[in-house]
Amino acid sequence: MGTSSSEISLRETSIQGCYEIQPKIKKDERGSFVKTFNQDNFAELNLEISFAEEYYSVSKKNVLRGLHFQIPPHDHVKIVYCALGEIQDVVVDLRIDSPSYGRYEVFTLSSELANMAYLAKGTAHGFLTRSELAIVMYKVTTIYAPAFDRGILWNSLDIPWQEKNPILSERDRSFPPLGDFQSPFV
C-alpha cells in the first residue's frame, strides 16, 4: 500500500513508521535531478520535517556499516539514500512493544533508483555496499551523541546479507547480538 504527495510516494513496510520513499526523477540529456526533501511534501504525508544534522559516508564494495542507532533521549528519525552507487539497506525494529519487534526490512537503495529509506525512532540501521563505491547520505532529527550511540551485531539476525564476509570496523564487530540487547525502546 502506498501514499503520495505531488513530489514523492511512500511504500509502507512491515515495520510501523518505516517507509521506502520514491521521489520524482527528472531526466534529460544532461543527466538527472532529484529533490530529496521538501518540508511541505513531507508534512502532507505526516513525515518528520525537523532535521538537526546531515552527513554522508563513502564506502568501498562489500563494506558493511551497522547495525547502528541512538538510544533515548537522543533517538532519532533517519532518512537514508544512496547518492552514488548501490547498497543493500536494512532496518531492524528494536521497539519492545512493536508487533514487528526483532523483524527487519531490506531495501535496495541506489542513485539510479533515487529511492530513500525513512526510519522510525527505535530502529537500527545498517547497509552493505554492492557497487564499487557508494556515497550514502543520512538526515537525522537529533545531533550525534556518542554516549548514546549503540549497535547490534550485524549477523545476529537472519538478514539475507548479499555478502557473507563483509569488511567491518572493529566497533561493528564488537556489538552485542540482538538476543543480548536490552532495548530501551518502548
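Derivation of every value follows stated rules applied to the coordinates shown; laboratory data play no part. The structure displayed is predicted, hence computed values, not measured ones. Here the Cβ is made from the backbone with ideal geometry for all residues, glycine too, and neighbour counts use every protein chain on show.
Numbers below:
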| item | result |
| --- | --- |
| Sparsely packed trypsin sites (Lys or Arg not before Pro) within segment 62-145, loop by DSSP, other Cβ within 10 Å at most 16 | Arg103 |
| Length released on extending from Asn155 to Lys35, taking residue separation times 0.36 nm less the Cα-Cα span | 39.8 nm |
| Residue of Gly17, Gly31, Gly122 that the Gaussian network model of the chain assigns the largest fluctuation, springs spanning Cα pairs under 10 Å | Gly31 |
| Longest site-free stretch - the chain; sites: GluC sites (Glu not before Pro), DSSP loop, at most 11 other Cβ within 10 Å | 30-131 |
| Where only alpha carbons of segment 90-135 are counted, the Rg and the Dmax (Å) | 12.4, 39 |
| All Cα pairs of the chain, percent lying beyond 25 Å | 31 |
| Fewest-first ranking of Thr123, Thr108, using other Cβ atoms within 10 Å as the exposure measure | Thr108, Thr123 |
| Lysine pair number, Cα distance threshold 22 Å (strictly under), segment 50-180, separation 8 or more or different chains | 6 |
| Segment 27-107: chymotrypsin sites (Phe, Trp or Tyr not before Pro) in DSSP loop, at most 10 other beta carbons within 10 Å | none |
| Sparsely packed trypsin sites (Lys or Arg not before Pro) within segment 5-56, loop by DSSP, other Cβ within 10 Å at most 16 | Lys24, Arg30, Lys35 |
